[in-house]
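Engineer: Structure in C-alpha coordinates, see below.
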Amino acid sequence: MTTHPSIFSEAARLWAMRVADPSFDDWDGLTRWLETSPAHLAAYEAASDADQWAAEILAGETREEKDPRRRRN
Amino acid sequence: METPGSGALHATLLAERGRLLRFLAARGAGDEAEDVLHDLWQKIAVAPERPVADPVSYLFRAAENHMRDLRRARISREKRQHDWHGLGSSPEDEPVGERVFIAREQLQQVQAALAALGSRVDHVFRRYRLDGVGQADIASELGMSLSSVEKDLQKAYRTLAELRIKLHTE
(Lines give C-alpha, C1' and ligand atoms only; values in the text may rest on other atoms or scores of the structure.)
Protein backbone atom coordinates (compact mmCIF):
# COMPACT_ATOMS: atom_id res chain seq x y z
CA MET A 1 0.00 0.00 0.00
CA THR A 2 1.65 3.21 -1.11
CA THR A 3 -0.84 5.58 0.50
CA HIS A 4 -0.49 4.44 4.08
CA PRO A 5 -2.97 5.87 6.53
CA SER A 6 -1.09 7.70 9.23
CA ILE A 7 -2.03 9.73 12.24
CA PHE A 8 -1.32 12.79 10.12
CA SER A 9 -3.67 11.90 7.30
CA GLU A 10 -6.70 13.61 8.81
CA ALA A 11 -4.81 16.88 9.27
CA ALA A 12 -3.17 16.50 5.86
CA ARG A 13 -6.54 15.96 4.20
CA LEU A 14 -7.85 19.12 5.86
CA TRP A 15 -4.93 21.09 4.46
CA ALA A 16 -5.34 19.62 0.96
CA MET A 17 -9.04 20.44 1.14
CA ARG A 18 -8.45 24.03 2.25
CA VAL A 19 -5.75 24.60 -0.38
CA ALA A 20 -8.31 23.60 -3.06
CA ASP A 21 -10.33 26.70 -2.15
CA PRO A 22 -9.57 29.42 -4.72
CA SER A 23 -9.45 31.99 -1.91
CA PHE A 24 -7.06 29.98 0.31
CA ASP A 25 -4.37 32.28 1.64
CA ASP A 26 -2.91 30.61 4.74
CA TRP A 27 0.30 29.60 2.99
CA ASP A 28 2.37 30.48 6.05
CA GLY A 29 0.15 28.22 8.15
CA LEU A 30 0.66 25.38 5.70
CA THR A 31 4.42 26.06 5.70
CA ARG A 32 4.57 25.91 9.49
CA TRP A 33 2.53 22.69 9.59
CA LEU A 34 4.79 21.06 6.98
CA GLU A 35 7.85 22.12 8.97
CA THR A 36 6.53 20.55 12.17
CA SER A 37 7.33 16.98 11.10
CA PRO A 38 9.07 15.39 8.11
CA ALA A 39 6.10 12.98 7.88
CA HIS A 40 3.70 15.85 7.18
CA LEU A 41 4.91 16.38 3.62
CA ALA A 42 4.30 12.76 2.60
CA ALA A 43 0.87 12.86 4.22
CA TYR A 44 0.02 16.13 2.49
CA GLU A 45 1.16 14.80 -0.90
CA ALA A 46 -0.96 11.67 -0.47
CA ALA A 47 -3.99 13.80 0.45
CA SER A 48 -3.36 16.13 -2.46
CA ASP A 49 -2.97 13.16 -4.84
CA ALA A 50 -6.34 11.80 -3.69
CA ASP A 51 -7.96 15.20 -4.15
CA GLN A 52 -6.61 15.57 -7.69
CA TRP A 53 -7.45 11.96 -8.51
CA ALA A 54 -11.12 12.43 -7.56
CA ALA A 55 -11.38 15.77 -9.36
CA GLU A 56 -9.83 14.36 -12.54
CA ILE A 57 -12.11 11.33 -12.53
CA LEU A 58 -15.24 13.42 -12.00
CA ALA A 59 -14.15 15.82 -14.73
CA GLY A 60 -14.58 12.86 -17.10
CA GLU A 61 -18.33 12.90 -16.60
CA THR A 62 -20.37 13.67 -19.63
CA ARG A 63 -23.00 16.38 -19.35
CA GLU A 64 -25.72 13.78 -19.39
CA GLU A 65 -24.14 11.89 -16.52
CA LYS A 66 -23.36 15.04 -14.61
CA ASP A 67 -26.71 15.47 -12.94
CA PRO A 68 -28.69 12.29 -12.29
CA ARG A 69 -31.75 14.42 -11.49
CA ARG A 70 -31.63 15.94 -14.96
CA ARG A 71 -31.73 12.54 -16.61
CA ARG A 72 -35.28 12.00 -15.52
CA ASN A 73 -36.48 15.04 -17.46
CA MET B 1 13.49 37.48 -18.63
CA GLU B 2 10.58 39.81 -18.02
CA THR B 3 7.52 40.33 -20.11
CA PRO B 4 5.72 43.65 -20.01
CA GLY B 5 3.31 43.55 -17.12
CA SER B 6 5.26 41.02 -15.07
CA GLY B 7 7.06 43.92 -13.40
CA ALA B 8 4.54 44.13 -10.59
CA LEU B 9 4.64 40.37 -10.10
CA HIS B 10 8.40 40.42 -10.04
CA ALA B 11 8.38 43.16 -7.43
CA THR B 12 6.04 41.00 -5.34
CA LEU B 13 8.31 38.00 -5.86
CA LEU B 14 11.26 39.98 -4.54
CA ALA B 15 9.27 41.31 -1.60
CA GLU B 16 7.93 37.83 -0.71
CA ARG B 17 11.06 35.90 -1.58
CA GLY B 18 11.75 34.76 1.98
CA ARG B 19 8.22 33.45 2.54
CA LEU B 20 8.15 31.75 -0.85
CA LEU B 21 11.52 30.06 -0.27
CA ARG B 22 10.42 28.83 3.13
CA PHE B 23 7.21 27.46 1.65
CA LEU B 24 9.01 25.74 -1.24
CA ALA B 25 11.59 24.20 1.10
CA ALA B 26 8.85 22.79 3.35
CA ARG B 27 6.76 21.76 0.34
CA GLY B 28 9.47 19.35 -0.83
CA ALA B 29 12.09 21.49 -2.57
CA GLY B 30 14.40 21.34 0.48
CA ASP B 31 17.88 22.68 -0.24
CA GLU B 32 16.91 23.32 -3.85
CA ALA B 33 14.26 25.91 -2.98
CA GLU B 34 16.31 28.72 -4.57
CA ASP B 35 16.64 26.83 -7.87
CA VAL B 36 12.98 25.86 -7.81
CA LEU B 37 11.94 29.48 -7.24
CA HIS B 38 14.17 30.52 -10.13
CA ASP B 39 12.59 27.91 -12.44
CA LEU B 40 9.14 28.92 -11.26
CA TRP B 41 9.82 32.55 -12.10
CA GLN B 42 11.03 31.58 -15.59
CA LYS B 43 7.74 29.78 -16.09
CA ILE B 44 5.68 32.71 -14.85
CA ALA B 45 7.64 35.29 -16.85
CA VAL B 46 7.03 33.57 -20.19
CA ALA B 47 3.35 32.85 -19.55
CA PRO B 48 0.87 35.04 -21.41
CA GLU B 49 0.16 38.23 -19.55
CA ARG B 50 -2.99 38.15 -17.46
CA PRO B 51 -4.37 40.56 -14.92
CA VAL B 52 -3.54 39.27 -11.44
CA ALA B 53 -5.88 40.41 -8.68
CA ASP B 54 -3.73 39.29 -5.76
CA PRO B 55 -0.06 38.88 -6.71
CA VAL B 56 0.95 37.27 -3.39
CA SER B 57 -1.73 34.57 -3.62
CA TYR B 58 -0.94 34.13 -7.29
CA LEU B 59 2.72 33.40 -6.56
CA PHE B 60 2.02 30.97 -3.71
CA ARG B 61 -0.57 29.17 -5.85
CA ALA B 62 1.94 28.98 -8.70
CA ALA B 63 4.53 27.59 -6.26
CA GLU B 64 2.07 24.93 -5.05
CA ASN B 65 1.21 23.95 -8.64
CA HIS B 66 4.86 23.88 -9.59
CA MET B 67 5.63 21.41 -6.78
CA ARG B 68 2.72 19.25 -7.99
CA ASP B 69 4.10 19.32 -11.55
CA LEU B 70 7.55 18.31 -10.31
CA ARG B 71 6.06 15.43 -8.32
CA ARG B 72 4.00 14.22 -11.29
CA ALA B 73 7.04 14.38 -13.57
CA ARG B 74 9.17 12.48 -11.05
CA ILE B 75 6.53 9.76 -10.59
CA SER B 76 6.09 9.19 -14.33
CA ARG B 77 9.87 9.17 -14.82
CA GLU B 78 10.25 6.52 -12.12
CA LYS B 79 7.41 4.56 -13.64
CA ARG B 80 9.02 4.63 -17.08
CA GLN B 81 12.31 3.41 -15.62
CA HIS B 82 10.49 0.69 -13.73
CA ASP B 83 8.70 -0.44 -16.89
CA TRP B 84 11.90 -0.20 -18.92
CA HIS B 85 13.41 -2.81 -16.65
CA GLY B 86 10.40 -5.01 -17.29
CA LEU B 87 9.27 -4.83 -13.69
CA GLY B 88 5.69 -3.93 -14.34
CA SER B 89 3.07 -3.11 -16.87
CA SER B 90 2.42 0.54 -17.62
CA PRO B 91 -1.02 1.89 -18.54
CA GLU B 92 0.45 2.53 -22.01
CA ASP B 93 0.82 -1.23 -22.46
CA GLU B 94 -2.83 -1.86 -21.76
CA PRO B 95 -5.23 -1.80 -24.68
CA VAL B 96 -7.11 1.49 -25.01
CA GLY B 97 -10.40 -0.28 -24.43
CA GLU B 98 -9.17 -1.62 -21.11
CA ARG B 99 -8.08 1.86 -19.97
CA VAL B 100 -11.43 3.37 -20.93
CA PHE B 101 -13.14 0.58 -19.02
CA ILE B 102 -11.06 1.22 -15.88
CA ALA B 103 -11.70 4.98 -16.09
CA ARG B 104 -15.45 4.40 -16.43
CA GLU B 105 -15.44 1.95 -13.53
CA GLN B 106 -13.60 4.42 -11.31
CA LEU B 107 -15.98 7.21 -12.30
CA GLN B 108 -18.95 5.05 -11.36
CA GLN B 109 -17.37 4.20 -8.01
CA VAL B 110 -16.66 7.88 -7.26
CA GLN B 111 -20.20 8.83 -8.27
CA ALA B 112 -21.67 6.08 -6.09
CA ALA B 113 -19.47 7.01 -3.11
CA LEU B 114 -20.54 10.67 -3.35
CA ALA B 115 -24.20 9.77 -3.87
CA ALA B 116 -24.10 7.59 -0.75
CA LEU B 117 -23.12 10.66 1.28
CA GLY B 118 -26.37 12.37 0.33
CA SER B 119 -27.31 14.87 -2.35
CA ARG B 120 -26.15 17.91 -0.36
CA VAL B 121 -22.62 16.59 0.29
CA ASP B 122 -22.47 15.46 -3.34
CA HIS B 123 -23.53 18.91 -4.56
CA VAL B 124 -21.21 20.80 -2.21
CA PHE B 125 -18.22 18.70 -3.26
CA ARG B 126 -18.97 19.19 -6.98
CA ARG B 127 -19.42 22.96 -6.58
CA TYR B 128 -16.13 23.11 -4.70
CA ARG B 129 -13.95 20.78 -6.66
CA LEU B 130 -15.43 20.73 -10.16
CA ASP B 131 -16.80 24.26 -10.47
CA GLY B 132 -14.04 25.84 -8.38
CA VAL B 133 -16.44 27.74 -6.11
CA GLY B 134 -14.95 28.68 -2.73
CA GLN B 135 -16.39 27.50 0.58
CA ALA B 136 -17.68 30.98 1.53
CA ASP B 137 -19.54 31.33 -1.79
CA ILE B 138 -21.03 27.83 -1.50
CA ALA B 139 -22.20 28.69 2.02
CA SER B 140 -24.05 31.78 0.83
CA GLU B 141 -25.38 30.01 -2.28
CA LEU B 142 -26.96 27.27 -0.20
CA GLY B 143 -27.75 29.32 2.89
CA MET B 144 -25.47 27.14 4.99
CA SER B 145 -22.91 28.04 7.62
CA LEU B 146 -19.27 27.93 6.62
CA SER B 147 -18.59 25.18 9.15
CA SER B 148 -21.40 23.01 7.70
CA VAL B 149 -19.88 23.39 4.25
CA GLU B 150 -16.50 22.44 5.65
CA LYS B 151 -17.97 19.39 7.41
CA ASP B 152 -19.69 18.23 4.20
CA LEU B 153 -16.44 18.60 2.30
CA GLN B 154 -14.54 16.71 4.98
CA LYS B 155 -16.96 13.79 4.62
CA ALA B 156 -16.49 13.75 0.85
CA TYR B 157 -12.71 14.04 1.10
CA ARG B 158 -12.43 11.24 3.67
CA THR B 159 -14.68 8.93 1.65
CA LEU B 160 -12.86 9.59 -1.62
CA ALA B 161 -9.43 9.11 -0.05
CA GLU B 162 -10.57 5.75 1.34
CA LEU B 163 -12.06 4.79 -2.02
CA ARG B 164 -8.82 5.63 -3.78
CA ILE B 165 -6.82 3.41 -1.44
CA LYS B 166 -9.35 0.62 -1.93
CA LEU B 167 -9.29 0.86 -5.75
CA HIS B 168 -5.51 1.06 -5.89
CA THR B 169 -4.95 -1.96 -3.66
CA GLU B 170 -7.61 -4.26 -5.09
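Engineer: Looking at this structure, is B:F101 within 23 Å of A:D51 (Cα to Cα) and not assigned by TED's automatic domain parsing to the domain that holds B:K151?
Structural biologist: no
Engineer: Do you know which residues across the range A:12-38 are at pLDDT 95 or above, farther than 16 Å from B:L160 by Cβ and in a helix (DSSP H, G or I)?
Structural biologist: Answer for the range A:12-38, where residues must be at pLDDT 95 or above, farther than 16 Å from B:L160 by Cβ and in a helix (DSSP H, G or I): A:W27, A:D28, A:G29, A:L30, A:T31, A:R32, A:W33, A:L34, A:E35, A:T36.
Here is a yes/no grid of residues against (1) under 19 Å from B:L20 (Cα atoms); (2) touching a residue at least 12 places away in the same chain (Cβ under 8 Å):
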{"residue": "B:H38", "(1), (2)": "yes, no"}
{"residue": "B:W41", "(1), (2)": "yes, yes"}
{"residue": "B:I44", "(1), (2)": "yes, yes"}
{"residue": "B:P51", "(1), (2)": "no, no"}
{"residue": "B:F60", "(1), (2)": "yes, yes"}
{"residue": "B:H66", "(1), (2)": "yes, yes"}
{"residue": "B:A73", "(1), (2)": "no, no"}
{"residue": "B:H82", "(1), (2)": "no, no"}
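Engineer: Another question, then. Among the residues of the range B:116-168, which ones are open to solvent by 40 Å² or more (accessible area, probe 1.4 Å), part of a helix (DSSP H, G or I) and among the hydrophobic types (A, V, I, L, M, F, W, C)?
Structural biologist: Answer for the range B:116-168, where residues must be open to solvent by 40 Å² or more (accessible area, probe 1.4 Å), part of a helix (DSSP H, G or I) and among the hydrophobic types (A, V, I, L, M, F, W, C): B:A116, B:A136, B:L142, B:L146, B:I165.
Engineer: Take A:A43 and tell me if it is touching a residue at least 24 places away in the same chain (Cβ under 8 Å), under 24 Å from B:R126 (Cα atoms) and open to solvent by 10 Å² or more (accessible area, probe 1.4 Å).
Structural biologist: Yes.
Engineer: Please pick out the residue among B:A53, B:A47, B:A25, B:A73 that is open to solvent by less than 60 Å² (accessible area, probe 1.4 Å), under 22 Å from the mean Cα position of the chain (by Cα) and within 13 Å of chain A (Cβ to nearest Cβ).
Structural biologist: The match here is B:A25.
Engineer: Right, here's the next one. Restricting attention to the range B:130-156, which residues are within 20 Å of A:G60 (Cα to Cα) and free of Cβ contacts under 8 Å to residues at least 12 places away in the same chain?
Structural biologist: Those that are within 20 Å of A:G60 (Cα to Cα) and free of Cβ contacts under 8 Å to residues at least 12 places away in the same chain: B:L130, B:D131, B:G132, B:V133.
The values are calculated or read from the model by the stated rules, or taken from the named source; none is laboratory data. Nothing here was measured: the structure is a model prediction, and the numbers come from that model. Don't worry about glycine lacking a Cβ; one is built from the backbone with ideal geometry, like all the others, and counts go over all protein chains shown. The protein model used for the area step is the full one, side chains on, heavy atoms only, and it has no ligands, DNA or RNA in it. Shrake-Rupley method; radii C 1.70, N 1.55, O 1.52, S 1.80 Å.
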